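Report on the structure given below.
The numbers here are math on the coordinates, done by the rules we state, and not lab data. A quick note: this is a predicted structure, and the numbers were derived from the prediction, not measured. Because the Cβ atoms are built from the backbone with ideal geometry, glycine has one as well, and the counts that use them run over all protein chains shown.
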Amino acid sequence: MSSEKSTVTAPQYRFSDLIDVPAFARMLESFFEATGIPNGVVDADGELLCLAAGENACTAFHRANPAAAESCRDSNIAIMHDLREGRVAGGLCEHGLMDYATPVVIEGRQLATLFLGQVLHTPPDMEFFREHARKFGFDEEAYLKSIAAIPVVDKDQLQKLMVVMVEMAKMLAASGLARLRQTALEHDLHEHAERRIQLEDILDSSPIAIGWSNSKNQIEYVNRQFTHLFGYTLDDLPDIEAWYRLAYPDQRYREMVVDPWIKEVALTRHTGATLPDLEANVTCKDGAVLRVVTRTTWVGKRQLVNFTDITDRWVSEQRKQAHDAMLEMVAKGAELTEVLNAIVRQIQSEDKTARCSVLLLDAEGKHLLTGASPDLPAFYNEAINGVEIGPGVGSCGTAAYLGQRVIVEDIQTHEYWKPYSKLAAKAGLRACWSEPILSSRGKVLGTFAIYHDEPRIPRSLDIERIGFAASLAGIAIENRYAYEELERRAYSDYLTGLANRRYFLEQAEIELSRALRYNRELSILMLDIDHFKHVNDTYGHKVGDIVLQKLSSICQATLRDVDIVGRIGGEEFAVLLPETGSEQAWEAAERLRTAIETAHVTLNDGLPLHFTASFGVTTFTEKDANIDMLLNQADQALYQAKGEGSNRTCVYQG
């Protein structure tokens, strides 16, 4: 059997021969819907195979205008020149948008080109595009609206997306090429069934993992690639049953996923129906788990089987789904613990022997708090919750302190775990790899840890997996913190951290309604820093801000937790005192006034600056009272206090 007859090379085929074009087009359309980035694929002959773009500024304006379209052609020529050099091409067109293209190369030959664009790397300069609209006579409003819809994507992120898309295209094409080679190989097997020695030489040089069994289900042959991929040799596999037990050690998984396929394959031998593929997880000799597509065919009485490793593609798809699901959970306002638990479950689904945890660094940046660890014992989680970070504080405490990955292959012998070795042994933990979770600015937010119940050295796939998990957790944590900060800003004063005017009035209305409903007392204080203008004029507004912040901290330290303090404006503050009568309110105001009177802030020259405040007090008595009325009464009392010499408390007399 000649090697020419059984060898299929990429140059004999077009890109469309190697992939399912409609399925690939759907994938590109999904990519466009998820990112908003227009994209398309053109084969080596210039034929457009797929396009996912929708209506955009280029189709509606640039290419629809003859003068503007000329610039588009110039940009295309420049990109095609770079492509001929075999490199990623990209550039800024005259219309201010970025276009990118990259070749899809299979076995040294460019079979297609992937285009991404048009996008922006920074928010659009609307003045530039407004002038552009006037230059070419575009409808200005419609044109600017279309520009605003163009996605803004970081350059590095876009290039990473291009790499992912091209690698996926290459993977699909390579898989198609493997199928064609398999078909050619099967043809050769039918023609040369008795020339086994020559056939084995051919199969041993194949990049595809291949084996065959006889009519007694004895495995007669596996090629070099099979052993390279899975680690098993022919001596490990006396028969097919031995292969199934080793490759699929989980009996339940074997019964649910593999056994139905085995029965279906057996039926096709008699019916002549198309043989089904099996996509399943295969356990290798070293314990690694690969995602593999198994294809089989009957050659006389022998069963020829080939195995394609699709782990990278499968993991990529699983992680994209996990990433999208995480973003959806964040968008719907799911609790951070729920999101982090979902990430932990995803990583544990990729490695069934792993138990994972997320620890969050506290606001002070000194202690780790439990974020998510659904499969670690409760006593273990309780013991490490609140642990102070530092060198030698287990894997996670050290990783958080150093901001670097920490790999501990054996907990019982590693110096970092000496204080915690008994705790880990009780929890059944022997290995711990910890990755710091970083914000987009490189700040440590926490750690993601992968535990195993036996000593273990991480493989490259494990390192990639923990890095992905930490990155995904970082996005979730940072999004949650940003959301909480936005919430805080919505109801708090930016300078003092107290309730702002709007939030104070909302809470005051709620408390007044409660007082009316349950016939309870309610008082309001108004206070104003005495001679605050003099402070600003003499020492500057920066010192004035420090005085305001000092007064705020005094209020929070002096008043009850149920009392609500708000900055109403400038140096004027209000305090809501639930279930407080007139006399108690006056006493609260006096305590606060005295605390302010005895406090000070320190100036740059080290000298103290003392300040005082005046108070007005009112108590809710009328059934038809409202918050505006009560604030006005307290303000009148405050005005009286100011008029009587400041640094005093006056009660509204009605």
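Annotations for the structure displayed:
- Here's the picture: charge each Lys and Arg Cβ at +1 and each Asp and Glu Cβ at -1 in region 10-177, and of Ile150, Asn39, Ala89 the one pushed furthest to the positive end of that dipole is Ala89.
- Taking all Cα-Cα distances within region 299-359, those exceeding 17 Å account for 55%.
- Cross-link reach is defined here as a Cα-Cα straight distance under 29 Å, omitting same-chain residues fewer than 8 places apart; for Lys301 the lysines meeting it are Lys5, Lys216, Lys263, Lys285.
- A run of the chain free of exposed loop cleavage sites, with GluC sites (Glu not before Pro) counted only in DSSP states other than H, G, I, E and B and at most 12 other beta carbons within 10 Å, reaches its longest extent at 365-621.
- Out-of-range pairs (alpha-carbon distance over 29 Å; input Lys160/Lys332; Lys145/Lys170; Lys320/Lys352): Lys145/Lys170
- In terms of overall dimensions, the C-alpha atoms belonging to region 314-485 reach 43, 39, 28 Å along their principal axes, ordered largest to smallest.
- DSSP beta bridges fully contained in region 501-651 are about 90 percent antiparallel.
- Here the contact order of the chain, divided by its residue count and restricted to Cα pairs under 8 Å and six or more residues apart, works out to 6 percent.
- In this structure, the amide hydrogen of Ile310, modeled 1.01 Å from its nitrogen in the peptide plane, lies closer than 5 angstrom to those of Arg291, Val292, Val293, counting only residues at least 5 positions away or on a different chain.
- Exposure proxy order (Cβ contacts within 10 Å, fewest to most) of Thr649, Thr353: Thr353, Thr649
- Selection from Tyr483, Leu429, Asn381 lying farthest towards where the dipole of region 314-485 points positive, charges on Cβ: Leu429
- Ascending count of other beta-carbon atoms within 10 Å, so fewest first, for His452, His531: His531, His452
- Surface/4 estimate of mean projected area, convex hull on alpha-carbon atoms of region 193-309, nm²: 7.0
- Dividing the helix sum by the residues of the chain, where each DSSP H run of 4 or more adds -39500 (n - 2.57), gives a mean residue ellipticity at 222 nm of -15000 deg cm²/dmol.
- Over all directions, the projected convex hull of the C-alpha atoms in region 10-177 averages 9.3 nm² in area.
- Which of Leu229, Gly390, Ala574, positive extreme of dipole for the chain (C-beta unit charges): Leu229
- Where labels lie 7 Å past Cα in the beta-carbon direction, separation of Ala60 and Asn519 in nm: 6.5
- Evaluated over the Cα positions of the chain, the convex hull gives a direction-averaged projected area, one quarter of its surface, of 43.8 nm².
- Distance from the Cα centroid of region 89-125 to that of region 312-344 is 29 Å (rounded to whole angstrom).
- Here the residues His132, His270, ranked from fewest to most Cβ neighbours within 10 Å of their Cβ, fall in the order His270, His132.
- Estimated dipole of region 273-423 in Debye, rounded to 20 [Cβ of Lys and Arg +1, of Asp and Glu -1, Cα centre]: 640
- In straight-distance terms, cross-link reach from Lys550 covers every one of the aspartates and glutamates whose alpha-carbon lies under 19 Å from its own, apart from those fewer than eight places away in the same chain; here that gives Asp493, Asp528, Asp530, Asp537, Asp561, Asp563, Glu571, Glu572, Glu590, Glu597, Asp605.
- For region 30-111, applying the loop criterion from DSSP together with a ceiling of 11 other beta carbons within 10 Å to the trypsin sites (Lys or Arg not before Pro) yields Arg87.
- Intensity falloff of region 515-654 expressed as log10 I(q)/I(0), Debye formula with alpha-carbon point scatterers, at q = 0.15, 0.18 Å⁻¹: -0.70, -0.96
- Here region 23-131 is treated with +1 on each Lys and Arg Cβ and -1 on each Asp and Glu Cβ, and its dipole about the Cα centre works out to around 160 debye.
- Region 623-654 and region 210-271: distance between their alpha carbon centers, rounded to Å: 88
- Summing Cβ point charges (Lys, Arg +1; Asp, Glu -1) relative to the Cα centre of the chain gives a dipole of roughly 1180 debye.
- Local charge for Ala449 was computed over the other residues whose Cβ lies under 11 Å away, with Lys and Arg +1 and Asp and Glu -1, and equals +1.
- Chymotrypsin sites (Phe, Trp or Tyr not before Pro) within region 491-597: DSSP coil, no more than 14 neighbouring Cβ in 10 Å: Tyr494
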